[in-house]
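What follows is a single structure, written as structure tokens, with notes after it.
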Amino acid sequence: MTCAACVRRVENALREVPGVTEVAVNLATARATVSHNAGWAGVEALRQVVADQGYEFLGIPDDAREDPIGAAREKEIKELKARFAVGIVLSGVIFLGSMQHWFPFLMGIPRQPLLVGLFFLTTPVVFWVGSRFFIGAIKAARQRTTDMNTLVAVGALAAWLYSSLATFFPRFFAGAEIMPHVYYDGAALIVTLIILGRLLEAGAKGKTSQAIQRLMGLKPKTARVVREGAETDIPIEALLKGDLVVVRPGEKIPTDGFVISGTSSVDESMLTGESMPVAKEAGTEVFAATINRTGSFTFRATRIGAETALAQIIRLVEEAQGSKAPIQRLADKVASIFVPVVFGIGLLTFLVWYFFVPDPVFSRALLNFVSVLVIACPCALGLATPTAVMVGTGLGAENGILIKGGESLENAYRLRTVVFDKTGTLTRGEPEVTDILPVSGVAPAEVLQAALDIEAVSEHPLARAVLERGKRDGLLAGAVTGFEAVSGLGAKAVRDGKTMLLGNRRFLEGEGIVIGGAQEDAAGSPGGQSSSARQDQRIFPEGGTGAGGDMEDEAARLADEGKTSVFVAEGGRVLGLLGFSDQPKPSAAAAVAALKGMGLKVAMITGDNAGTAKAMGKTLGIDRILAEVLPGEKAAEIRRLREAGEVVAMVGDGINDAPALTAADIGIAIGAGTDVAIEASDITLMQDDLLAVPRAIRLSFETMRTIRQNLFWAFIYNIVGIPIAAGVLYPLWGILLNPEFAAAAMAMSSVSVVSNSLRLRRRWRRIL
């Protein structure tokens, strides 16, 4: 494909296929992403439409083979090199003959035989070297439309046809006494220079897709499996789920799975962007194409082929690079009317120069017409967005940042607020029981035992912390019945006929338990102790044995320390309070500071009470806190922020974050989280490093900056170039644009846009 008009034509044709709901064709990659319903017409219908539009159908991407686009591009580059070589040699000879008066050694050749010779040299340049332009123009004409090929073909043909007529019918133009000037050199150089531009453009576009090529090159070819008690090397395509695979030091891991035996360290930088090797032992997960560094180990294959993490990354990057940013719609609209408008300007230019200027000359009017057609290249407009998106998404993939497409990049560019989920995102997600605070007359072990009995069958992170603390203190969980978890509030169960509750204040009060001061004995004070005595014994970290004070005060104190407090009750009576601490991730504070440095507002959303949330926010430098938000309410909070005019990114990792990720303008999922969260997100971070969040947003800023630069220069090029070609500078300074220079400028416009996109790689290295 050569221009945005080609893309639009193919998109419209593919949309006519029965069952197709949406189509996006990428000019830079020559890929079409087709969405369809269950009852669509099938791949053969797509193949026929592509062929009818004059293009070759290269097939559906297949994980088992190499990228067909890469092979087609290599073939195209080889062909362009051959055509350019022929074109430049013949154009050099044609130029010498056309400028006979500049070269004394040619003065002895009669003019008419020389022109005939130039005709025979120019014809193969125009019609063989430049055949792609004529073929493209004919294909477009069959579809009752025009594109860039039409402009080049008409321009070159006009110069060649005029020169041919001047050679064989000179009197038709200039009378019997004057030999008209010919433009064989212009016709030949127009085609040759534009072929050179196509050659440079193809090479540059190949560089923009290096990320995909590198990812595909990572795929292992063989695997060493244990079958019938013996190790056997087999092709990767023959690997089956459940196979035992042996990996030795220095080898690539052939597929995804879990280690069965052995220990090692694995370089996972191709997935996460992190250079530090990751320790592997029995039970840990390994991924295809990562490199085993030290020891040998055996693992069981759990995902093969298109199911592997590498295959999913390749698919995501391909889809991203085949997507369109909303800003591209402007270029598409311009491209849809561009060629007809240029033809109108070209014809107007010819009429003005032939009928309305002093001493009109047909050849001058024709040359200006040709210059307008040749310089007006819509390719730069078509390439401005997709090449930048390709480079940006490719850079992200190489650094563990998977961006779903151009729309995600553009939305991230407009961000004003970044909202972080707390547990598991800003924090490690592995809370520990740090405080056991019983009420008067209750032993700490009794509080922990009650919590242990309730949480023994729960999968909540706090439940795991209770189980770990119970194991450490030598307690065993007792039998309960009627366990019920209440999302975001707590859990309850029945033990020995008594209802047991574990949860926040809101949960207990909803169950009819009022949390006030501690229970008082007959003397009127909790536990019958003085205030000073209670003050000395109110905190029992690591399971102290004294009496507890007022539970509300204790909960407030824990919140001030950034801890989560959970009440434990039995039979309508509060037994005590557990304090949990979840430490921030090492990169959390630095990530928040980096986002603030970019001028973004940062917020935290959590189900914790306000005091705990504020303490954590203070530690990390987050001022805006959305606390006591139930999992089902997170999406509503995000929507409220958007309704207030904020452009919001949500950063999360859990299943309960998925609705909020979807509700945000940009959902950013931590790759260490769940597949559901990753599927719901616009940007996936393959590494559990929050500094990747500002890096991802900064990458989107740089990519959009590049797109805007490309579009600016593409528009300015045509806004300035077309009037100059039409001759607006001639009345003041006598400047006209030779068609050869117009062709060179047109060819370089596309190359400059692609080259500017490639500059993003150098800028990104400096940013990192």
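As for region 133-156, it holds no residue that is open to solvent by 10 Å² or more (accessible area, probe 1.4 Å), over 28 Å from Gly346 (Cβ atoms), in a helix (DSSP H, G or I) and not hydroxyl-bearing (Ser, Thr, Tyr). Looking at region 437-447, is at least one residue assigned to a helix (DSSP H, G or I), touching a residue at least 40 places away in the same chain (Cβ under 8 Å), touching a strand residue (DSSP E or B) at 6+ places or on another chain (Cβ under 6 Å) and surrounded by 21 or more Cβ atoms within 10 Å (Cβ to Cβ)? Yes, that holds for at least one residue.
Scanning region 26-69 for residues that are open to solvent by less than 30 Å² (accessible area, probe 1.4 Å), outside any loop (DSSP other than H, G, I, E, B) and at pLDDT 80 or above gives Ala45, Leu46, Val49, Val50.
The residues of region 609-666 that are open to solvent by 10 Å² or more (accessible area, probe 1.4 Å) and of a type in the set (S, T, N, Q), listed by number, are Asn609, Thr619, Asn656, Thr662.
If you go through region 716-730 and keep only what is at pLDDT 85 or above and open to solvent by less than 40 Å² (accessible area, probe 1.4 Å), you end up with Gly721, Ile722, Ala725, Ala726, Gly727. Among the residues of region 104-118, are any modelled with pLDDT under 80, over 18 Å from Ala743 (Cα atoms) and small (Gly, Ala, Ser)? There is at least one residue in region 104-118 that is modelled with pLDDT under 80, over 18 Å from Ala743 (Cα atoms) and small (Gly, Ala, Ser).
Against the condition among the aliphatic types (A, V, I, L, M), at pLDDT 90 or above and either touching a helix residue (DSSP H, G or I) at 6+ places or on another chain (Cβ under 9 Å) or open to solvent by 40 Å² or more (accessible area, probe 1.4 Å) (or both), how does Leu691 come out, does it pass? Let's see the steps before the verdict.
Numbers: among the aliphatic types (A, V, I, L, M): yes; at pLDDT 90 or above: yes; either touching a helix residue (DSSP H, G or I) at 6+ places or on another chain (Cβ under 9 Å) or open to solvent by 40 Å² or more (accessible area, probe 1.4 Å) (or both): yes.
Taking the combined requirement at face value, the residue satisfies it.
A quick yes/no check of all residues on (1) modelled with pLDDT of 85 or more; (2) under 21 Å from Gly478 (Cβ atoms); (3) open to solvent by less than 50 Å² (accessible area, probe 1.4 Å); (4) touching a helix residue (DSSP H, G or I) at 6+ places or on another chain (Cβ under 7 Å):
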| site | (1), (2), (3), (4) |
| --- | --- |
| Pro526 | no, no, yes, yes |
| Gln537 | no, no, no, no |
| Phe540 | no, no, yes, yes |
| Lys563 | no, no, yes, yes |
| Gly576 | yes, yes, yes, yes |
| Pro586 | yes, no, no, no |
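Scan region 223-234 and tell me whether some residue there is surrounded by fewer than 19 Cβ atoms within 10 Å (Cβ to Cβ), modelled with pLDDT under 75 and not aromatic (Phe, Trp, Tyr). Taking every residue of region 223-234 in turn, none turns out to be surrounded by fewer than 19 Cβ atoms within 10 Å (Cβ to Cβ), modelled with pLDDT under 75 and not aromatic (Phe, Trp, Tyr).
Looking only at strands (runs of 3 or more DSSP E) that fall completely inside region 567-673, which ones have 3 or more residues that are under 24 Å from Leu409 (Cα atoms)? Step through it out loud before you land on a result.
Values: elements: 573-581, 601-605, 624-626, 648-652, 666-670.
Once the strands (runs of 3 or more DSSP E) in region 567-673 are filtered for at least 3 residues that are under 24 Å from Leu409 (Cα atoms), what remains is 601-605, 648-652, 666-670.
Figure legend. Inter-residue proximity from region 305-316: first residues in contact (Cβ under 8 Å) with a residue 40 or more places away in the chain and over 19 Å from Pro235 (Cβ atoms), second residues open to solvent by 30 Å² or more (accessible area, probe 1.4 Å) and not in a helix (DSSP H, G or I), beta-carbon distance below 6 Å, spacing 6+ or different chains. Indicated pairs: Ala309/Phe287.
In region 469-487, what count of residues is obtained for those that are in a helix (DSSP H, G or I) and either touching an Asp or Glu at 6+ places or on another chain (Cβ under 6 Å) or touching a residue at least 12 places away in the same chain (Cβ under 8 Å) (or both)?
Selection size over region 469-487: 2.
If you go through region 251-268 and keep only what is open to solvent by less than 60 Å² (accessible area, probe 1.4 Å), over 17 Å from Thr308 (Cα atoms) and not acidic (Asp, Glu), you end up with Ser261, Gly262, Ser264, Ser265. Residues that are open to solvent by 10 Å² or more (accessible area, probe 1.4 Å) and under 35 Å from the mean Cα position of the chain (by Cα) were ranked within region 739-748; the one that is farthest from Leu383 (Cα to Cα) is Ala744. If the condition is being among the basic types (Lys, Arg), open to solvent by 70 Å² or more (accessible area, probe 1.4 Å) and under 17 Å from Ala569 (Cα atoms), then region 452-502 contributes only Lys498.
Screening Trp764, Trp733, Trp713 for residues that are within 30 Å of the chain's Cα centre (by Cα), open to solvent by 60 Å² or more (accessible area, probe 1.4 Å) and among the hydrophobic types (A, V, I, L, M, F, W, C) leaves exactly one candidate, Trp713.
Test Phe338 against the stated conditions and say whether it is crowded, with 23+ Cβ neighbours inside 10 Å and at pLDDT 70 or above. Steps first, please.
Working: crowded, with 23+ Cβ neighbours inside 10 Å: yes; at pLDDT 70 or above: yes.
Yes; evaluated as a whole, the condition is true for this residue.
Do you know which of the residues in region 266-318 that are of a type in the set (A, V, I, L, M, F, W, C) and part of a loop (DSSP other than H, G, I, E, B) is modelled with the lowest pLDDT?
Narrowing region 266-318 to residues of a type in the set (A, V, I, L, M, F, W, C): 266, 270-271, 276, 278-279, 282, 286-289, 291, 297, 299, 301, 304, 306, 309-311, 313-314, 316-317.
Then keep just the ones that are part of a loop (DSSP other than H, G, I, E, B); that gives 276, 282, 287-289, 304.
Working: Met276: 68, Ala282: 92, Phe287: 89, Ala288: 89, Ala289: 86, Ile304: 88.
Within region 266-318, the match that is modelled with the lowest pLDDT is Met276.
Taking the criterion of being closer than 17 Å to Tyr354 by Cα and within 36 Å of the chain's Cα centre (by Cα), no residue of region 717-730 qualifies. Regarding region 594-605, can at least one residue be identified that is closer than 30 Å to Ile454 by Cβ and in contact (Cβ under 8 Å) with a residue 24 or more places away in the chain? Yes, region 594-605 contains at least one residue that is closer than 30 Å to Ile454 by Cβ and in contact (Cβ under 8 Å) with a residue 24 or more places away in the chain.
Screening Glu16 against (1) at pLDDT 85 or above; (2) within 25 Å of the chain's Cα centre (by Cα) leaves a single unmet condition, (2). Kindly check whether there is at least one residue in region 132-145 that is in contact (Cβ under 8 Å) with a residue 12 or more places away in the chain, of a type in the set (S, T, N, Q) and within 25 Å of Ala30 (Cβ to Cβ). Yes, the conditions are met somewhere in region 132-145.
Could you tell me whether Thr423 is within 21 Å of Ala555 (Cβ to Cβ) and either of a type in the set (A, V, I, L, M) or out of contact with any Lys or Arg (no Cβ under 7 Å at 6 or more places or on another chain) (or both)? Criteria met by Thr423.
Quickly run through region 393-422 and pick out the residues that are charged (D, E, K, R), buried (at least 24 other Cβ atoms within 10 Å of the Cβ) and in a helix (DSSP H, G or I). Reasoning before the result, please.
So in region 393-422, the residues charged (D, E, K, R) come out as 398, 404, 407, 410, 414, 416, 421-422.
Checking which are buried (at least 24 other Cβ atoms within 10 Å of the Cβ) leaves us with 421-422.
Lys422 - this is the single residue of region 393-422 that is charged (D, E, K, R), buried (at least 24 other Cβ atoms within 10 Å of the Cβ) and in a helix (DSSP H, G or I).
The values are calculated or read from the model by the stated rules, or taken from the named source; none is laboratory data. Predicted, not measured: the structure shown is a model, and the values here were computed from it. Using ideal geometry, Cβ is built from the backbone for each residue, glycine included, and neighbour counts are taken over all protein chains shown. Please note that ligands, DNA and RNA were not included when accessible areas were found on the heavy atoms of the full protein model with its side chains. Shrake-Rupley method; radii C 1.70, N 1.55, O 1.52, S 1.80 Å.
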